[in-house]
Each structure stands twice: as C-alpha cells, then as structure tokens.
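Encoded as structure tokens, the structure appears first; notes follow it.
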Amino acid sequence: MQSTYVIGLDFGTDSVRALVVDALTGEEMGMAVSPFARWAAGLYCSAAKAQFRQHPLDYLESMERGLRAVLTSVSQQVRDNIVGISVDATGSTPVAVDEYGTPLSLLPEFSDNPNAMFILWKDHTANAEAAEINELAKRWETDFTQYVGGSYSSEWFWSKILHIIRKDNAVSQRAFSWVEQCDWLSAVLTGNTNPLEIKRSRCAAGHKAMWHQDFGGLPTANFLQQLDGRLAQLRNRLYQDTYTADHGMGKISLQWAEKLGLSPAVKVGVGAIDAHMGAVGACIAPYSLVKVMGTSTCDMLVAPTDKHGGQFVRGICGQVNGSIIPDMLGFEAGQSAFGDLYQWFANLLSFPLTNIYPEKLSAEEQNGLSGRILSELNKEAALVPLTVDDEIALDWINGRRTPDVDLNLTAVLSGLHLGSSPARIFKALVEATAYGSRAIIERFEKEGIPVQEVIALGGISKKSPYVMQTLANVLNRPIKTVRSEQACALGAAMYAAVVSGIHADISSAQRAMSSGFEQTYLPEQDKVAIYETLYPRYLILGDKFYSHKL
C-alpha cells in the first residue's frame, strides 16, 4: 500500500513544532521547531502584572518557517503524499478579530497594542473579572460553571474578554468577534477566517467558554448582559455549534499550498487545545491520567459518558463530551506552574552572573546558563537525603489551577534554616509540584472518577529523571513516559489522519500510529513511606496560609 503522510502542528507557549508522520505506521519522518521571536524577546508581557500577550505575527511567521523546515527535511515522495494537517494550540488563548477574522493587532492602528493581541493562557490580568463571573453564576438560575468544576478562571475565554473590553474601549468597539488560537490557526490554513463560518473547537469551547449542550450552547444573553451589555451583544457574533477534532475545517488554501509546495487537496482538521491532543498522542484510554508536563501541567482523563455523564467533578477545568476522544467524557485538570516554578528558581540563582558580571559570559553562555543550573540542581537534589523534617513548599507561584481554582494564591517556602542549600530548596519545589499532582488525583477519586494509570509526556518527562522519580514516589504509582518527543503534535497528526479518511476513527489511528512508551518509573517504597508524612504537611501549609482546603 502506498504510504500517506500527515502533519501535526503543535503551538506551545514558546514555539511551534511541525511533525510529519506516516499515517499507516506512525513513523515520524521529520520534525522542526520554530520559536516565537517577539515572545522570546519579552515583548508585550509583564510578569509582575501577570500580563502575557503574543503577537499573531509570531504564529504566522513561525508556522511558515516550521512547515518549510520540516518539508525540506523530508523527501519529495513524502511531500507529494501529504494528505492532512491538524493543529493544536494553547488554551484559552483568544484574540479580538474584525469581521474578516483578522486579529486587530494585524491592523496598523493596533499593531503595538497588547490588548489587541492573543491573550496567552497564563495571563492572569482578569482575576477580578473571573471572581465577578463566579459570583453571578452562583446566584443565577442556571450555574453555567457546573461543567467547568464549579469555578471560572481568569485563564479562560469570558474573563479575558470582559477584562479587555473594560480596559480598552478602542479594542472593544473595533472587535467584531473573538476567536481561540486553535480555531484561528486552523482557519488561516484554509484561507477562510470569517468568524461566523469558522468551525469552533468543542474542546476549547467546552472547557474554556462554558459551552454545553445542556445550555443550548454558550451562556445566555441575559447572563452575559448582567456582566456587561457588550458581552451580550458579542454572543450573536460568536458561535452556536462546536465540533470535535475528527471533523474537517476545510481544504488548505491555494496560497498556503503553493507557498509550501503541497497539494491543494490537503485537508485541514478542526483544532483543539494542545494538552488534549497530547493525551491522544499518548493513546489515552478510559481512566488513564495523562500528564502533559511543561511550563505548566495539564492532566487529562477520559471516561465513558454512560457511566459518568451525570457526575460533576468539583474544582477541575471542565468535563466535556468529545473534547479529547469523540463520544467520551473528557476531563481536564492541571497546575498553573510546573516547569515555570523550576525556571523561576534557576533565574534567581543566575542573577550574579547575568546582572553583575555579564561581561564574563558570552551571549550563548548566558542563554544556556539557566539550563545548566537546572541540570546541576537535579543532580544535587537527587543526592539530598529524604527525611520527615525536610523543607516544605507550596507550588502556587502562578496561582492554583486545580483542584479549586484560585489564581490569587502564591507560593510559600517553609522550614528554611541556615542549612537550606539551593539543592534542598529545589528539592522542596519539585516535591511541591508532585504534591499538587497528588491533590488532583485525590480529587478525581474522591468525586468517583478512578485513576487506573498515570502516563507522562512533555519536556520534563524526558529531561528530568529526578522529577519523574519524585513524582512516582509521592503518588505511589508507576508512571509511564511516552516515547515520542512530540506527543502533542503526534496527537494532532492522528486526528489529521482521521480527517483525511486514512483511518475510520481516532482509536484506529492511535493503534496504527502510537509511538509506545519509553520508560516506567516505579515507586521507591522507602521514600513512599516518608512522603506519606510530608504530604499532609503540604496540605496543612496550604490551609494555614490561605484557609482554603484543597
């Protein structure tokens, strides 16, 4: 049989990854990474204000560079037989668009306005608006937050929009509609970005915009009117229907086909959030918890709708039919900072070399310094003896996503003394992220959703055996790591194979294209016993400082 190939495009926080995969065997033929240049330069962002914005030109330029690079790396025979492309992207990362679906920051008058750019998932400038949405939802006749864990987040769609339209009247008046990153990028490849015609992702709409079949779609105009009349007016310019990722967005546009040297018959799939595609690439099965481990974590789980469709799991990021696997209930939880917490500590330690004696380091050395620091911290922390008297930290340096969203929370280090070395502090931070992961699993199981296995993917699962072993010890569960370096892009490629008709459904695509697993981390029982004493101290620390039980 003639081989056919598909492309998965994975838009992460820092870059886009383009992966070409054999749709029949799963062989990864080529991969390219293209960073976001403006983002790398720190433009339009302020960590002190929790403001994180990305310019659409970063996406367009990086997508073209990444696709050109990966297509150059494969043979002409492979290029000639590419039949589909699917996209995943961070979420919720919406942008204000005009009536043609053009992000306002691509218009001259808004080109340097951060409020007219994509509002990255980790942007927390809308904390007050999220609180307002939650307060209204709890006294409304229908609680529109019931399918998103009972609490709405500033990381999500409506909070971000409400914040921007109140802050920036020019953007509010010019915005015809708002579009999620995964929807816009998929539409760009088809050449039709009309916001009234784009097929909107069930995944993004259900988990981030309170869309649900029981509500007849999005929250009602009356509910939105109570928040701000402009939201109610906007509702008619958004969407009613949503689509799972096994649906097609359309065919690639002639412009993109010619630009990339691809057939104009290439099909483009409906997009989804990156972590959800990653779960697909990891071959998620019912009651598997898939941890996508990077700057933050997303914890994905699927369960049969006939068994759990009537349950509401409190304090998570939503439960949506079809958000991961069509016709299965998809659950999302996660932590707002995971790798970000480690990176913050490495940046603190690098201050003397990067700020006091910068002339002693080349630019290349400065860029690699934090990576070298993290590598040494991992080695040294692994040598620190584990005792019941060790330092304890909270992992909420960027707020808490789950369980029980509260993005106003902050991190804490406790038990410090004159012997608290950088390695000991790093050890406490790693353990804090593991404790946060355990709290999520315990919430699922307390709510009646069993967790039968844990699967990990992402950069940290590949780069840090110390973090993975600590996680296995704290969870007291085996953890399997996915072999593919690009599981999110692989999941997108699997859906591209379904959209293109190569496979009948996503289960068939997973069986044919799975990369398998690379390693299994087993709990070390001597350390498990100590963590059984330390973990309750983590819970007590959170209660003591914030009086908000996990």
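The values are calculated or read from the model by the stated rules, or taken from the named source; none is laboratory data. Note that the coordinates shown come from a computational prediction; the quantities given were computed from them, not determined experimentally. Cβ: placed from backbone, ideal geometry, glycine included. Neighbour counts: every protein chain shown.
Within the stretch 67-81, can you find the residues that are under 19 Å from A265 (Cα atoms) and among the aliphatic types (A, V, I, L, M)? Matches in the stretch 67-81: L67, L71, V78. Residues in the stretch 377-431 that are under 21 Å from T295 (Cα atoms), more than 21 Å from the chain's Cα centre (by Cα) and surrounded by fewer than 15 Cβ atoms within 10 Å (Cβ to Cβ): K379 alone. Inclusion of S336 among residues that are at pLDDT 95 or above, in contact with a Leu (Cβ under 9 Å, 6 or more places away or on another chain), surrounded by 14 or more Cβ atoms within 10 Å (Cβ to Cβ) and polar (S, T, N, Q) is not warranted. Every condition in (1) surrounded by fewer than 17 Cβ atoms within 10 Å (Cβ to Cβ); (2) modelled with pLDDT under 95; (3) not charged (D, E, K, R) is met by S370 except one, and the failing one is (1).
hydroxyl-bearing (S, T, Y), in contact with a helix residue (DSSP H, G or I) (Cβ under 7 Å, 6 or more places away or on another chain) and farther than 25 Å from P326 by Cβ: is that true of S515 in this structure? No.
Within the option set A285, A333, A272, A279, being within 14 Å of the chain's Cα centre (by Cα), within 20 Å of E447 (Cα to Cα) and among the aliphatic types (A, V, I, L, M) holds for one residue only, A333.
Would you check if H247 is under 30 Å from L9 (Cβ atoms), surrounded by fewer than 18 Cβ atoms within 10 Å (Cβ to Cβ) and within 22 Å of the chain's Cα centre (by Cα)? Criteria met by H247.
Look through the stretch 297-333, keep the residues that are in contact with a helix residue (DSSP H, G or I) (Cβ under 9 Å, 6 or more places away or on another chain), of a type in the set (D, E, K, R) and surrounded by fewer than 24 Cβ atoms within 10 Å (Cβ to Cβ), and return whichever of them is farthest from T410 (Cα to Cα). Selected residue: D327. Residues in the stretch 151-196 that are over 30 Å from G248 (Cβ atoms), out of contact with any Lys or Arg (no Cβ under 9 Å at 6 or more places or on another chain) and among the hydrophobic types (A, V, I, L, M, F, W, C): I164, A170, V171.
Among the helices (runs of 4 or more DSSP H) confined to the stretch 48-163, the ones with at least 2 residues that are among the small types (G, A, S) are located at 56-73, 127-139.
Residues are listed down the side, and each one gets a yes or a no for (1) within 17 Å of the chain's Cα centre (by Cα); (2) surrounded by fewer than 16 Cβ atoms within 10 Å (Cβ to Cβ); (3) under 21 Å from D14 (Cβ atoms):
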position	(1), (2), (3)
L71	no, no, no
D80	no, yes, no
G91	yes, no, yes
P94	yes, no, yes
L120	yes, no, yes
A126	no, no, no
T145	no, no, no
K167	no, yes, no
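When we screen L471, L490, L457, L522 for residues that are of a type in the set (A, V, I, L, M) and surrounded by fewer than 22 Cβ atoms within 10 Å (Cβ to Cβ), the only hit is L522. Just the residues that are of a type in the set (V, I, T) and in a loop (DSSP other than H, G, I, E, B), please, taken from the stretch 173-212. Hits for the stretch 173-212 are T193, I198. Among residues of the stretch 174-191 that are closer than 14 Å to Y239 by Cα, those with a beta-carbon under 8 Å from a residue that is among the aromatic types (F, W, Y) and part of a helix (DSSP H, G or I) at least six positions away or on a different chain give the pairs W178/F157; E180/F157. Among the residues here, D214 qualifies as modelled with pLDDT under 95 and within 27 Å of the chain's Cα centre (by Cα). Checking each residue in the stretch 460-506 for being touching a residue at least 60 places away in the same chain (Cβ under 8 Å) and among the hydroxyl-bearing types (S, T, Y) picks out S461, S464, Y466, S484, Y495, S500. When H55 is tested against (1) closer than 20 Å to G269 by Cβ; (2) in contact with a Ser or Thr (Cβ under 7 Å, 6 or more places away or on another chain); (3) of a type outside the set (D, E), just one condition goes unmet, and that condition is (1).
Would you confirm, using the coordinates I've provided, whether L418 is out of contact with any helix residue (DSSP H, G or I) (no Cβ under 6 Å at 6 or more places or on another chain) and either part of a loop (DSSP other than H, G, I, E, B) or at pLDDT 95 or above (or both)? When the stated conditions are applied, L418 passes them. The one condition from (1) buried (at least 24 other Cβ atoms within 10 Å of the Cβ); (2) under 18 Å from M300 (Cβ atoms) that E445 does not meet is (1).
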